[in-house]
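First up is the structure itself, then whatever we jot down about it.
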Amino acid sequence: MKKNFEYLTRLRQVMAEQKIDVVIISGTDPHQSENPPHHWRDREWITGFWSTNGTNGTAVVLQDQAYCWTDSRYFIQAEEQLADTGFKMMKEDGPEAIDLIGWIAQNVTKGSTVAIDGMTFSTSLANKIQSELNAANLKFATDFAPFDIINPERPKRPLNKLFVHDEKIVGESVDSKVNRVIEQVTSEGAEAIIMASLDDIAWTTNLRTANDISYSPMFVSYVFLSNKQRILFIDEEKLTDEVKAHLNKYNFEIKPYDAVLDFIASLPENTRLLVDPDKVSRGLFDKVRCNAVFGGTKVAKLKSIKNDSMLRSIDTAMEKDGVALTRFFMMVEREHQKGELTELILSERLREIRLSDPSCVDESFASILGFKEHGAIIHYEATEESNIPVVGDGLLLVDSGGQYIYGTTDITRTVALGTPTAEEIHDYTLVLKGHIAIANAVFPEGTTGHQLDAMARQYLWKEGKAYYHGTGHGIGFFINCHEGPQSIRLNINPTPLEVGMATSNEPGVYYEGKYGIRTENIIITVPAMETEFGKFFKFKTVTLFPYDRRLIDTSIMSDNEIQWVDDYHKMVRDRLTPLLTAEEAAWMETKTQPLKR
């Protein structure tokens, strides 16, 4: 019997005691983190659907049924991990998608009570759920939080020490950032803001930590800002003398983390408090007694625009990452024929190589390293149970990155080990053509990623092939690997791409049971031209590592596409060669030779 059955049984006991008919369990924390600290990973240990990187999923538990909704990135993984757990996987996107709240409304007896832990649901999501449930004559409770009871071994809240991120690298002081935040708060008709999103807080305070959240140097806290007050709500055990001096320099008061609820409840009624409903939890919002102003998008966008100091630092991070990847893939080629490599061994080696650079604090996520059929699992993470030998012919997909003090990296390369098949070469080239189309895009000011997304998919679509994840996500600066508000994806996102934004470019294609292909670089939005029709932007590719030339079929590429790859490879070679040993430089020379028809 799987461990999660014990938790599921206890949960149902508590539900019966409190007269709760249905519980919805989120996969996040009070800060709406994509990858929450282990203290809040309740849905993972209740369902058994998990990964080090975190998984997107929402559980629904009834007395006689249990379900877990997830998206297409995790369908294969969820099917495997949810087997024999008492939970059934439900698809939240794709042609077979089932709406979670709609399902509850249709399948739960009228008058039943549906409950959530309001601290782990955003205000906007909880309000939407409440509206739909009320329309279906179902009751809604937002204060159901039994997780310490049903799991006595639940991890404690993290208490890792903070450190100051060098403002010479950041290129902006905390005073400047706070003033810009308040300026945006005022422009949205408010006078104060409660910041709950951990990446916003890390950016504003120029503070970081390791291990609060795996692979992201953010820290568990809240920040309140107004023209009169600056308060950091945090467990004081996390503060060093250096950090206290930093906070004092910028006039921050320090209050206990748990004091935020009472503080918000005590604000004068006439206070106009800016609340981002997508980031502030319903549990926190329920404490607001003053005038709440919904907004915050202007504040969230501030950190997405990288200044010149950040962009120079990002170039340094990319060079360091390119060197690490050179050493890793040279090792793969050298040792592959020995027949001793496995996915786990390669994941461990890649981590060791990256972290050997003292400026790399951590990986930016657990490496997604899948050989052959595992490459088709979009967010695959090798475990002792799934680990397979990396021997013989096959495609190796490596999606990885580093958290350098100079910036966050995220790169995917798919390489052929042994002899690739004609089908693999063809599909790789289709993906590469879409990747190049995004890299070469020129677009007018005001364009959104949604408007560009089809450029990456067009070559696959023409052959009846597709992928269902986004083509690009925002990249943080030594914060989150995934950062909003911009994206490049099929879903409509109204945020335009602006100069200084860092975004990924990562089309792919996946065949369950066979192989997966993805190619990813980080691109920066930069000016292109200004004409009588207005300003136009383009992308600058900053990631530095070659593509696998053996997987490129130049017969289906245009001259411009071939030239783009050759120019990119020359840039990679010129930038990395001075940082490599003679042997490494010779390897790089062979990998970046011009393509031939």
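The values are calculated or read from the model by the stated rules, or taken from the named source; none is laboratory data. Model, not experiment: these values are computed from the prediction. Here Cβ is always computed from backbone atoms with ideal geometry, including for glycine, and neighbour counts include all displayed protein chains. Surface accessibility is based on the protein's heavy atoms, side chains included, excluding ligands, DNA and RNA. Shrake-Rupley method; radii C 1.70, N 1.55, O 1.52, S 1.80 Å.
Tell me which residues, restricted to the range 555-594, are of a type outside the set (S, T, N, Q), touching a residue at least 40 places away in the same chain (Cβ under 8 Å) and either closer than 22 Å to GLU463 by Cβ or touching a His at 6+ places or on another chain (Cβ under 7 Å) (or both).
If the condition is that a residue be of a type outside the set (S, T, N, Q), touching a residue at least 40 places away in the same chain (Cβ under 8 Å) and either closer than 22 Å to GLU463 by Cβ or touching a His at 6+ places or on another chain (Cβ under 7 Å) (or both), then ILE556, MET557, GLU561, TRP564, VAL565 are the ones that fit.
For the list (1) touching a helix residue (DSSP H, G or I) at 6+ places or on another chain (Cβ under 9 Å); (2) crowded, with 19+ Cβ neighbours inside 10 Å; (3) within 30 Å of ALA78 (Cα to Cα), I need the number of the one condition that THR383 fails.
Going through (1) touching a helix residue (DSSP H, G or I) at 6+ places or on another chain (Cβ under 9 Å); (2) crowded, with 19+ Cβ neighbours inside 10 Å; (3) within 30 Å of ALA78 (Cα to Cα) one by one, THR383 breaks only (2).
Would you mention how many residues in the range 301-323 are touching an Asp or Glu at 6+ places or on another chain (Cβ under 9 Å), assigned to a helix (DSSP H, G or I) and open to solvent by 10 Å² or more (accessible area, probe 1.4 Å)?
Count: 5.
Show the residue pairs that are 6+ apart or on different chains and have beta-carbon atoms under 9 Å apart, the first residue being within the range 144-160 and over 16 Å from GLN18 (Cα atoms) and open to solvent by 30 Å² or more (accessible area, probe 1.4 Å), the second being of a type in the set (S, T, N, Q) and in a loop (DSSP other than H, G, I, E, B).
From the range 144-160, the pairs are ASN160/ASN211.
Only one of GLU363, GLU381, GLU373 is within 29 Å of PHE478 (Cβ to Cβ) and either in contact with a Lys or Arg (Cβ under 8 Å, 6 or more places away or on another chain) or among the basic types (Lys, Arg) (or both); which?
Values: GLU381 fails: either in contact with a Lys or Arg (Cβ under 8 Å, 6 or more places away or on another chain) or among the basic types (Lys, Arg) (or both); GLU373 fails: within 29 Å of PHE478 (Cβ to Cβ).
Selected residue: GLU363, the only one of GLU363, GLU381, GLU373 that is within 29 Å of PHE478 (Cβ to Cβ) and either in contact with a Lys or Arg (Cβ under 8 Å, 6 or more places away or on another chain) or among the basic types (Lys, Arg) (or both).
Can GLY27 be described as of a type outside the set (Ser, Thr, Tyr), modelled with pLDDT of 90 or more and open to solvent by less than 10 Å² (accessible area, probe 1.4 Å)?
no
What number goes with the only condition from (1) touching a helix residue (DSSP H, G or I) at 6+ places or on another chain (Cβ under 6 Å); (2) closer than 25 Å to ILE368 by Cα; (3) not in a strand (DSSP E or B) that ILE492 does not pass?
(2)
In the range 546-564, is there at least one residue being part of a helix (DSSP H, G or I), among the aromatic types (Phe, Trp, Tyr) and open to solvent by 20 Å² or more (accessible area, probe 1.4 Å)?
Initial filter on the range 546-564 (part of a helix (DSSP H, G or I)): 549-551, 554-556, 559-564.
Next cut, among the aromatic types (Phe, Trp, Tyr) only: 564.
Narrowing the set further to residues that are open to solvent by 20 Å² or more (accessible area, probe 1.4 Å) leaves 564.
Yes, some residue in the range 546-564 is part of a helix (DSSP H, G or I), among the aromatic types (Phe, Trp, Tyr) and open to solvent by 20 Å² or more (accessible area, probe 1.4 Å).
When the residues of the range 574-597 are narrowed to those that are under 20 Å from ILE523 (Cβ atoms) and open to solvent by 50 Å² or more (accessible area, probe 1.4 Å), which ends up farthest from the chain's Cα centre (by Cα)?
Looking at residues that are under 20 Å from ILE523 (Cβ atoms) and open to solvent by 50 Å² or more (accessible area, probe 1.4 Å), I get ASP574.
Evaluate the following for SER281: is it small (Gly, Ala, Ser), under 19 Å from MET119 (Cβ atoms) and either modelled with pLDDT of 95 or more or within 24 Å of the chain's Cα centre (by Cα) (or both)?
yes
Please tell me if GLU384 is at pLDDT below 95 and either assigned to a helix (DSSP H, G or I) or more than 24 Å from the chain's Cα centre (by Cα) (or both).
Working: at pLDDT below 95: yes; either assigned to a helix (DSSP H, G or I) or more than 24 Å from the chain's Cα centre (by Cα) (or both): yes.
The answer is yes for GLU384.
I'm trying to understand the selection: among the residues of the range 199-212, which are open to solvent by 10 Å² or more (accessible area, probe 1.4 Å) and in contact with a Lys or Arg (Cβ under 9 Å, 6 or more places away or on another chain)?
Hits for the range 199-212 are ASP199, ASP200, TRP203, ALA210.
Residues to consider are THR525, THR541, THR519; find the one that is of a type in the set (Val, Ile, Thr), buried (at least 18 other Cβ atoms within 10 Å of the Cβ) and in contact with a His (Cβ under 8 Å, 6 or more places away or on another chain).
When all the criteria are applied, what remains is THR519.
Look at GLU335 and say whether it is touching a helix residue (DSSP H, G or I) at 6+ places or on another chain (Cβ under 8 Å) and either of a type in the set (Asp, Glu) or open to solvent by less than 60 Å² (accessible area, probe 1.4 Å) (or both).
Working: touching a helix residue (DSSP H, G or I) at 6+ places or on another chain (Cβ under 8 Å): no; either of a type in the set (Asp, Glu) or open to solvent by less than 60 Å² (accessible area, probe 1.4 Å) (or both): yes.
Criteria not met by GLU335.
Being in contact with a Phe, Trp or Tyr (Cβ under 8 Å, 6 or more places away or on another chain) and open to solvent by 20 Å² or more (accessible area, probe 1.4 Å) narrows it down to one residue among TYR215, TYR222; which is it?
Matching residue, one of TYR215, TYR222: TYR215.
List the number of the failed condition for ALA210; all other conditions in (1) of a type in the set (Gly, Ala, Ser); (2) in contact with a helix residue (DSSP H, G or I) (Cβ under 9 Å, 6 or more places away or on another chain); (3) farther than 26 Å from LYS298 by Cβ hold.
Here ALA210 clears every test but (2).
I'm trying to understand the selection: among the residues of the range 528-538, which are open to solvent by 30 Å² or more (accessible area, probe 1.4 Å) and of a type in the set (Gly, Ala, Ser)? Please lay out each step first, then the result.
Residues of the range 528-538 that are open to solvent by 30 Å² or more (accessible area, probe 1.4 Å), as a first pass: 528-533, 535-536, 538.
Scanning the range 528-538 gives a single hit, ALA528.
Consider THR471 carefully, then state whether it is among the polar types (S, T, N, Q), under 16 Å from GLY446 (Cα atoms) and at pLDDT 95 or above.
Taking the combined requirement at face value, the residue does not satisfy it.
Within the range 358-373, is there a residue that is part of a helix (DSSP H, G or I), open to solvent by less than 50 Å² (accessible area, probe 1.4 Å), out of contact with any helix residue (DSSP H, G or I) (no Cβ under 6 Å at 6 or more places or on another chain) and within 18 Å of SER51 (Cα to Cα)? Write out each step before concluding.
Step one: filter the range 358-373 for residues part of a helix (DSSP H, G or I), giving 372-373.
Now narrow it down to the ones that are open to solvent by less than 50 Å² (accessible area, probe 1.4 Å): none.
No, the conditions are met nowhere in the range 358-373.
Note down all Cβ pairs under 7 Å where the first residue falls in the range 259-283 and is in a helix (DSSP H, G or I), the second is of a type in the set (A, V, I, L, M, F, W, C) and surrounded by fewer than 19 Cβ atoms within 10 Å (Cβ to Cβ), and they're at least six residues apart or on different chains.
Note: pairs meeting the criteria are ILE264/VAL288.
Take the conditions touching a Phe, Trp or Tyr at 6+ places or on another chain (Cβ under 7 Å) and either among the aromatic types (Phe, Trp, Tyr) or in a loop (DSSP other than H, G, I, E, B) (or both) and apply them to PHE536. Does it pass?
Yes: the conditions hold for PHE536.
Against the definition (under 30 Å from ASP93 (Cα atoms) and of a type in the set (Asp, Glu)), how does GLU583 come out, yes or no?
No.
Write out, first by first residue and then by second, each pair whose Cβ atoms fall under 6 Å of each other, whose residues are 6+ apart or on separate chains, and whose first residue, in the range 477-488, is under 19 Å from PHE539 (Cβ atoms) while the second is acidic (Asp, Glu) and assigned to a loop (DSSP other than H, G, I, E, B).
Partner pairs satisfying both residue conditions: CYS481/ASP410; HIS482/GLU34.
Pick out the one residue from ASP84, ASP93 that is open to solvent by 30 Å² or more (accessible area, probe 1.4 Å), more than 24 Å from THR142 (Cα to Cα), acidic (Asp, Glu) and out of contact with any Ser or Thr (no Cβ under 6 Å at 6 or more places or on another chain).
Of the residues listed, the single one that is open to solvent by 30 Å² or more (accessible area, probe 1.4 Å), more than 24 Å from THR142 (Cα to Cα), acidic (Asp, Glu) and out of contact with any Ser or Thr (no Cβ under 6 Å at 6 or more places or on another chain) is ASP84.
Show the residue pairs meeting these rules: Cβ distance below 8 Å; 6+ apart or different chains; first residue within the range 537-554 and over 30 Å from PRO496 (Cβ atoms); second residue surrounded by fewer than 21 Cβ atoms within 10 Å (Cβ to Cβ) and modelled with pLDDT under 95.
THR554/LYS596; THR554/ARG597
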